[in-house]
Amino acid sequence: MSTWIPLWLHRLGSPPTFYAFAGRLRPWAIGLALLLGIVALYGGLVLAPPDRYQGDDYRIIFIHVPSAWMSLFIYAVMGVASFVALVWRIKLAEVVAMESAPVGAAFTFITLATGSLWGERMWGTWWTWDARLTSELVLLFLYLGVIGLYHAFEDRRQGARAAGFLAIVGVVNVPIVHFSVKWWNTLHQGSTVNLFGQSHIAGDMLWPLLTMMLATKCYYVASLCGRARADLLALEGGKDWVRRIAAGEAR
Amino acid sequence: MSRAPLSRACAALLRRDLVLAWRQRGDIALPVLYALIVATLFPFALGPDLALLQRIAGGVVLLTVLLAMLLALDGLFRGDLEDGSLEQLVLSPQPLAPMLGMKILAHWLTTALPLIVIAPLLASLLHLPAAAMPALLLALLLATPLVSLLGAVLVALTAGTRRSGMLLALMLLPLCVPVMIFAAGALAAAQQGLPWTAPIAWLGAALALAVVLAPLACAAALRIALDA
Amino acid sequence: MTATAPATPLLEARALRFHRQDEPVFGPLDFRLHAGELTLIEGDNGSGKTTLMRLLTGLLRTEHGELLWRGEPLRHERCAGEVVFLGHQLGLKAELSPRENLRVAIGLYGRREGPDIDAALARVGLAGYGDEAVRRLSAGQKKRAALARLLLVPAVLWLLDEPYANLDRTGIELVNRLLEAHVAAGGAALVTSHGAVSFHGGAPQRIRMHG
């Protein structure tokens, strides 16, 4: 079965190789995230003109929208990594899946918080049971469930496999929740506000948004590298390569 | 020497679980009592206003049944795990998924069915209009097995952990949102005199899918949980 | 003994090791078990006997070493129905009687030609206790009820984890008699024990486990 996996992926999947690779990648990712983040914030908060209808309030989208994208993107990464971990039992995939979850949960939380701030200014309420907001909330619960299940096991690898299974169940669940909440909203004729439905985004608003999206991606990579490195050290505590690193640090 | 046929094994397991439930019938009464208490507390919390109670009755009964089921779900594999019966089941020459399907069926019969039986009583305590009663019963008949099946997958995942009631609730909530929406949607439509077959049909479709997939997922989850 | 043994062993372990969170639990371990043989696994508490048993049942998996069933990698589907496991947890429902418990076991595992439930209960010394709830039996009697299951289901290989625990002297002799009869009839058995055990008939193969 292992012949299905490309050789380079297989090599990268070995903990010492990945540990070294992530260690080299991480400073670059942090630097790039900071640089892009500052440029995007400057572009979004200073250069971009105020919106015709929303004034300056719309500027929260430069945080809100990239966070929302990341919350879904990281869940997808977690789902794929979990699948790989369950099918091929690759330790690194377990680590990637489980260390993605807290980052994804944080982005989901930021999305909800900024969304509700924006909602207070636009709709006059902190919370509406809109399909997107509700799906995002359910996504947060899914993340928390995965994190909770992972930590409920004493054996971390077993916990990772169980929580990975839950993550895959969640991948199926999110679209169903979105669809059903939409149906529920039409039934109750509640507020069907589209966040960015009608308004076309002008070019000088779009580039900071896309730059911020890249910045969040870089941040995720940097954060994942750091977390995965720490986790690998803990998981492989008894192995020789970890001993060598520990001896090197002590010197 | 004879291999046990699948049908015999299913019957043996179903019979065992039903006999066990019957010998401990006090446990069957607990979720029912719990649902009764929760439903009785609602009018005290919201006031005895007839119109208000009528409006919320359907949702309250659904929610009460869901919570009572959640309470009982935790024990689905607990006993079998503690006395080693679950190991014997997993190691038996039978395919695991249909076996777990039987366990889920027995669990549904002994926890959800009594709740459905008293649901009309709960509904009339809250003055649900009689016209909405068929929709309530049909919605419950489809939604409760769905919750049992989805819940069983999650209970199997937590089988290897310490006591995990809260965790189960956290994990089950996102899965229950669509079930709740469609069951409540059917009820709301029935109360307003609108056609309510569409959401019921959605529930039925989801149930058909879950009957096939959930035992398989449950078996996979249980193998993960026992691998320690 | 070796002359009559078939060429491919029933169960074979090659360089079998097990790690829990990268801490070695036991191994490397090599052994072969043919039909008609009895193997005793000895070791102190914590030497990994139970882990080995769970590995052999297929409940646990390991990435180190090989486990072969009749010459092919051990998979649950391959050995299903030919292996029966008796662990620390006996797999008996406390609210049911021994007879009801055994009926469920037969339903799941199938039925061996030979003794019926009453005969099996009589053989393990539980005649007259068949309809008592397992909850009311003593620890030793519960063990005997679980042993009756071995007599009823059609398994070639018995995996017994600490079968002597909780048994009095006659109980220990009973286990030895059952094992001898099973092996004489062409079955095989793997038995763990932390103490010294003596058999009447022949010297069993012994595996010593170190923590």
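The values are calculated or read from the model by the stated rules, or taken from the named source; none is laboratory data. It should be emphasised that the depicted structure is a prediction, and the values quoted were computed from it without experimental measurement. Cβ atoms come from the backbone with ideal geometry, glycine included; neighbour counts cover every protein chain shown. Areas reflect the complete protein model, heavy atoms only, side chains present, ligands, DNA and RNA absent. Shrake-Rupley method; radii C 1.70, N 1.55, O 1.52, S 1.80 Å.
Below, the figures for the structure above:
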{"quantity": "Answer residue from region A:162-173, given it is open to solvent by 20 Å² or more (accessible area, probe 1.4 Å) and at the interface with chain B (Cβ under 8 Å from one of its Cβ atoms) and is farthest from A:Leu72 (Cα to Cα) among those", "calculated": "A:Phe165"}
{"quantity": "Subset of region C:116-132 that is surrounded by 15 or more Cβ atoms within 10 Å (Cβ to Cβ) and in a loop (DSSP other than H, G, I, E, B) - its residue that is farthest from the chain's Cα centre (by Cα)", "calculated": "C:Glu132"}
{"quantity": "Output for region B:1-31, where each listed residue is open to solvent by less than 30 Å² (accessible area, probe 1.4 Å) and part of a helix (DSSP H, G or I)", "calculated": "B:Ala9, B:Cys10, B:Ala12, B:Leu13, B:Arg16, B:Asp17, B:Leu20, B:Ala21, B:Pro31"}
{"quantity": "Filter pass, B:Leu52 being out of contact with any strand residue (DSSP E or B) (no Cβ under 9 Å at 6 or more places or on another chain) and either open to solvent by less than 20 Å² (accessible area, probe 1.4 Å) or touching a residue at least 12 places away in the same chain (Cβ under 8 Å) (or both)", "calculated": "no"}
{"quantity": "Residue satisfying all of: in region B:77-86; open to solvent by less than 20 Å² (accessible area, probe 1.4 Å) and within 7 Å of chain C (Cβ to nearest Cβ); nearest to B:Ala12 (Cα to Cα) among these", "calculated": "B:Ser85"}
{"quantity": "Selection status of C:Pro98, more than 7 Å from chain B (Cβ to nearest Cβ), within 29 Å of B:Trp22 (Cβ to Cβ) and more than 16 Å from the chain's Cα centre (by Cα)", "calculated": "yes"}
{"quantity": "Those helices (runs of 4 or more DSSP H) lying entirely in region B:130-228 with at least 2 residues open to solvent by 20 Å² or more (accessible area, probe 1.4 Å) and farther than 28 Å from A:Asn185 by Cβ", "calculated": "B:165-191, B:197-226"}
{"quantity": "Residue satisfying all of: in region C:5-40; buried (at least 18 other Cβ atoms within 10 Å of the Cβ) and among the aromatic types (Phe, Trp, Tyr); modelled with the lowest pLDDT among these", "calculated": "C:Phe26"}
{"quantity": "A:Glu94 vs. criteria more than 10 Å from every other protein chain (Cβ to nearest Cβ), of a type in the set (Asp, Glu), within 19 Å of A:Leu233 (Cβ to Cβ) and part of a helix (DSSP H, G or I)", "calculated": "yes"}
{"quantity": "Residue match in region A:73-82 (condition: among the aromatic types (Phe, Trp, Tyr) and in a helix (DSSP H, G or I))", "calculated": "yes"}
{"quantity": "Unmet requirement for A:Val77, which otherwise passes all of (1) over 13 Å from the mean Cα position of the chain (by Cα); (2) closer than 30 Å to A:Leu233 by Cβ; (3) free of Cβ contacts under 8 Å to residues at least 40 places away in the same chain", "calculated": "(1)"}
{"quantity": "A:Val84 being over 21 Å from B:Arg223 (Cβ atoms) and not aromatic (Phe, Trp, Tyr)", "calculated": "no"}
{"quantity": "Residues that are within 10 Å of another protein chain (Cβ to nearest Cβ) and in contact with a helix residue (DSSP H, G or I) (Cβ under 8 Å, 6 or more places away or on another chain), drawn from region B:199-213", "calculated": "B:Pro199, B:Trp202, B:Ala206"}
